Amino acid sequence: MFYRQNECCDWLREYKTRHRVGIQIRRTVESISRRFFTEVLGDSFAEIESLGMPEHFCEDELLFILNSDKRKSLTLKYYAKKILYFLRQQNILRSLKTFMEQPADQQSSLEGAVLVDQYCNPLADVTLNSISAQLDEIAEKVKKMLRIKNPSHPSLRIAQDCSVVQDFELQRQVVCALNSVLYEQLQYKGNEFDYYNPLNSYIHQVLLRRTGIPISLSVLYINLTRKLGVQLEPVNFPNHFLLRWCQKPKGEGNEKSYQLLRDSLDLYLTINPDNVQYLLLQARLYFHLGIWPEKVLDILQHIQALDPSQHGAVGYLVQHTLEHIQHKKHPATPEVKKRSAPEHLEVQYSVGLIMKHKRSGYNCVIYGWDPKCTMSQEWITTMRVHQLSNGANQPFYNVLVQDGTCRYAAQENLEPHSAPLEIGHPEVGRYFSEFAATYYFANDELQTRYPEDVVETLGTVQELYHRLTPGDANPDRASAADQNNHRAAPV
């Protein structure tokens, strides 16, 4: 992919570079967990870019980390995935800037849709070629229908040169056949019930789910008609997005949660970099999330240069951003919870145990606990905690749930899972380094906060799942248990 066949290459030098890049990337990934365990990641990934290493080698090492033993090095994989997400997004932004610099009549709506899709889903396998191939398959279905009704239809002979069918009736036959294939045969439809679902805007998801919103379906439709020789134009109608059937050839018209908001702002400001209101919104977003303070200062300086009347809002954010930068230089010492402390004697369970909720039935893994409920009175009332046998005056546990949510569960509602299984939660790697068949092994950062829980978890697991009788010994399981006990010894 990255080397020309007819070009000489010093493969030994390339190998050494790849090896050096691998070491540097792994060191950087390992250091991120220690520094950002309790913070939202922001500018830390810039370190990877600043290393100045070949991009494909960086990605190769990150993918190597992600594709290793799926049950181990979970924390390393967690941050490797986030870094890969960041690096690909930066690369896609550069492509989007190049795309926006092209003359409007040379910009493909499909390419633009793919770039937006790639930016919002940088880890997905979305390419312009794969999307175009799927559109070609739909176009072939339309041609098959046209062939039945009109074997001599000119659209059957149109290649990819975007020739336009001149006859009005022949164009109408294309539109009717396309409508029949899209809406009757393939059942494409608008998402009336979940309009603001971001999946409606990603072109690869529109093709997969056959569901979208006016603008994404219009992008699909306008590129299909172009392949079939019929010209349509986008119309930016108030509160709607429409397509106009052009009966004569004309020029084409101009035209995710906090992560979704960040992505939307980044995309918008790539296209309109001097919009003061959106710049201010981006600065406030980064400020309130406590991330990328240096970037906030750059944005605020740009706003001040564009619109001096924003001095009040800019001054406030500058002052508090500088305070945040100073605070980052002297981070607070993490809270440590020891099970042996008198106030923690009622805590029965420990981090890493896989549990089942008695009432709701969900499976989860514990990643934190409090001796008493620490939520607000409003939350306690809303969640009807007072109806529990022990109310709020009992240990509560932070758990990662199989469905991808994070919950705060009362001790009386939890019980150890009878048949432990992996928890498919995206944040597992933030807290755990390995899935050890019946429990999760806490990573260094989590062990720092719960220093006595690893031994407690191992004891509980041994008692619940690994009791070995003389006639039912399992050497492999015993070996794994011995290894884990050995790992826990220094704690």
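Close amide H contacts of Y188 (hydrogens built in the peptide plane, cut-off under 5 Å, sequence separation of 5 or more or a different chain): Y183.
Sum -39500 (n - 2.57) across every DSSP H segment of at least 4 residues in the chain, then divide by the residue count to get the 222 nm mean residue ellipticity, nearest 500.
On the way: 18 runs with 241 residues, N = 491.
It comes out at -15500 deg cm²/dmol, rounded to the nearest 500.
Under 17 Å of direct C-alpha separation, and excluding same-chain neighbours fewer than eight residues apart, K77 reaches these aspartates and glutamates: E30, E59, D60, E61, D69, E422, E427, E434, D444, E445.
How high is the relative contact order of the range 342-488? Use alpha-carbon pairs under 8 Å, at least six apart in sequence, and give a whole percent. Write out the running numbers ahead of the final one.
Details: 219 pairs, mean separation 33.5, N = 147.
That works out to 23 percent.
Considering every Cα-Cα pair within the range 272-329, what fraction, in whole percent, is farther apart than 12 Å? Of all Cα-Cα distances in the range 272-329, 61 percent exceed 12 Å. The phi torsions of the range 104-114, fed into the Karplus equation with coefficients 6.51, -1.76 and 1.60 and a -60° offset, translate into couplings of 4, 6, 9, 8, 8, 4, 5, 4, x, 5, 5 Hz, rounded to whole numbers, with Gly and Pro shown as x. Taking square-rooted eigenvalues a ≥ b ≥ c of the alpha carbon gyration tensor, is the chain rounded, prolate or oblate, where a/c under 1.5 means rounded and, failing that, a/b exceeding b/c means prolate? Taking the square roots of the gyration eigenvalues as a ≥ b ≥ c, the chain is prolate. Distances between placed amide hydrogens fall under 5 Å for Q231 paired with C246, all partners being 5 or more residues away or on another chain.
For Y3, what is the net charge nearby, where nearby means another residue's Cβ is under 13 Å from its Cβ and Lys, Arg count +1, Asp, Glu -1? Walk me through the numbers on the way to the answer.
Details: positive: R4, R13, R18; negative: E7, D10, E14.
That works out to 0.
Scanning residues 5 or more positions from M355 or on other chains, those with amide H under 5 Å from its amide H are C364, V365, I366, H417, with H placed 1.01 Å from N in the peptide plane.
Could you let me know the centre-to-centre spacing of the range 50-121 and the range 277-326, using Cα atoms, in angstrom? That distance is 27 Å. Kindly identify the range 78-228 as rounded, prolate or oblate by the Cα gyration tensor criterion: order the square roots of the eigenvalues as a ≥ b ≥ c, call it rounded if a/c is under 1.5, otherwise compare a/b with b/c, prolate if a/b is larger, else oblate. Verdict is prolate for the range 78-228.
Each residue of the range 79-87 was assigned a 3J(HN,Hα) from its phi angle through the Karplus expression (A = 6.51, B = -1.76, C = 1.60, θ = phi - 60°), giving 7, 4, 5, 5, 5, 4, 4, 5, 4 Hz with x at Gly and Pro. Dividing the convex hull volume of the alpha carbon atoms of the range 105-165 by its residue count gives 92 Å³ per residue. Label sites at Y15 and H56, each approximated as a point 7 angstrom past Cα along Cα to Cβ, lie 1.8 nm apart.
Couplings 3J(HN,Hα) for the range 434-441, derived from phi with the Karplus relation 6.51 cos²θ - 1.76 cosθ + 1.60 (θ = phi - 60°), are 7, 9, 9, 6, 10, 7, 9, 8 Hz, where x marks Gly and Pro.
Every number in this text was worked out from the coordinates using simple rules, so none of it is lab data. Not measured: the values here are computed from a predicted model. For neighbour counting, all protein chains shown are included, and Cβ atoms are generated from backbone atoms with ideal geometry for every residue, glycine included.
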